[in-house]
Amino acid sequence: MVGTHHQKILCVYGNEGLISFCGGVDFNYDRVYGFGDTITGVEDSNDDVNARQPVFKGKAWSAGAPLLDLHCKIRGPAAYDLLEVFLKRYADHARASGKTILVPPRPSPVASSKVYTRIGATFGTSPNAVDTLFTPDDSVTQLIEQAADGPGATEILIAGRDRGVAHTRQTFPYSFAPHGRQSGRAQLLWAISSARYFIYFEDQYMVSREIAEALNAALKRGVLFILGVIPHQEISTDFEFEQLPPVRKTLFIDKVLKDIPFPQRRFQLFCPKHAETSPRGSRYRYIHSKLWVFDDEFCTIGSMNINDRGTTHDSELAAGIYEQGDGSSRYGFAHRLRMRLWARLLGKTGDELDQLVDPINALDLWKEAAHAVPYDWSGPDFDWNGKTDSRRDGAEGLVPLNMGEWLELIFDPRTSPGKDESWSDLANPDPKKTIEIVSPE
């Protein structure tokens, strides 16, 4: 099976040194434009009219747009870790033979920062569908791993072994990952197994049985609650495609709550909605971010979804970020990130941000937001509690997109189906209609 290249990397080397970005944001109009917005000077992406074409007749055409998404900006050694992924993959392609690549020096840690970042990745065992076989020399891979020795960039000529033309188009692993790689999966499962108090995630799929079982083990171990933000059934392909029946999300939820006594409030799912004053293709926002926060201490931001393809086969990236706060005047990065995201979704600004410091006490705010009238979020109003340039080896800031959500509760154990029903029965098969599932007062 040929995998999907799903990593989203941007690396910039200039006067400020190497700066890299990773997360879930693609170069796509539906990250900025809403359904029906006019996009000038752009050709149609496809002649077929459906919700999966970003542009049609000069207008944005993605249901749930603008998508809710997230990227992070990284300086320090981890910035080169992201660049290394791109350079190795580039050098592994047959058409790279004889070309020259520019390799900058690996950035040094910023001494005053306490942010630590680890880049997890996924590579399958057969990602390359090629008709010409090529493997770069080991010296090329070693030079990429070592980075430039000195203040300036080094030019590397890509040389390797051309093993001829295959009789049929075949699939082969990357030379730098001959057995594949699943460090992103290992990082996520480790974080779930280490959580003590709460887990928060944003994801577009939420279908991996392995991750569901890990979350179930976390609840049994004593984690107080798990809260997720996912797309609504109206715009989620998991509910609309015959090939992807709704049973997959049903199985995920069932596995998370299996043998969990008194599950009330311990696992809830929400989806964001558009303001009714701004009509869109759907009144729901599509979730495209791939984010996890654990105990306000550790978080992951990347391209890896909660599905088996993302954790085992497709090419993915996930930045694991840790920064210890002092417990009072300065919160760690994961803590600040979670507060900023919750402020965006719950419509909190200014002094109201204090309500989000304690995630357990803030749980009631989600229920209130799910019943509240639209909140007009005019822009970011959040104190990052520290200078961005003082961080060391991690995400020095975020690129938050598309403010202005409020919420709808789409799953709560207190409103779940009866014993003889399935949660998938709650998904209305008519995409023009919606369901309303709310928590009882």
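Here are a few things to note about the model shown:
- Mean Cβ count within 10 Å, highest first, over the residues of peptides 9-16, 26-33, 107-114: 26-33, 107-114, 9-16
- Pairs beyond 29 Å (Cα-Cα), from Lys88/Lys273; Lys290/Lys348; Lys249/Lys367; Lys8/Lys59; Lys88/Lys255: Lys88/Lys273; Lys88/Lys255
- Estimated vicinal HN-Hα couplings, Hz - the range 203-215 in sequence order (Karplus 6.51, -1.76, 1.60; Gly, Pro = x): 7, 8, 10, 6, 9, 6, 5, 4, 5, 4, 5, 5, 5
- Peptides 218-231, 148-161, 346-359, 77-90, ordered by how many other C-beta atoms sit within 10 Å of their residues on average, highest first, read 77-90, 218-231, 346-359, 148-161.
- Close amide H contacts of Arg106 (hydrogens built in the peptide plane, cut-off under 5 Å, sequence separation of 5 or more or a different chain): Ala148.
Every number here is computed from the coordinates shown, using simple stated rules; none is lab data. In this text the structure is predicted, and so the values were computed from the model without any measurement. Cβ sites come from the backbone with ideal geometry, for glycine too, and all protein chains shown count toward neighbours.
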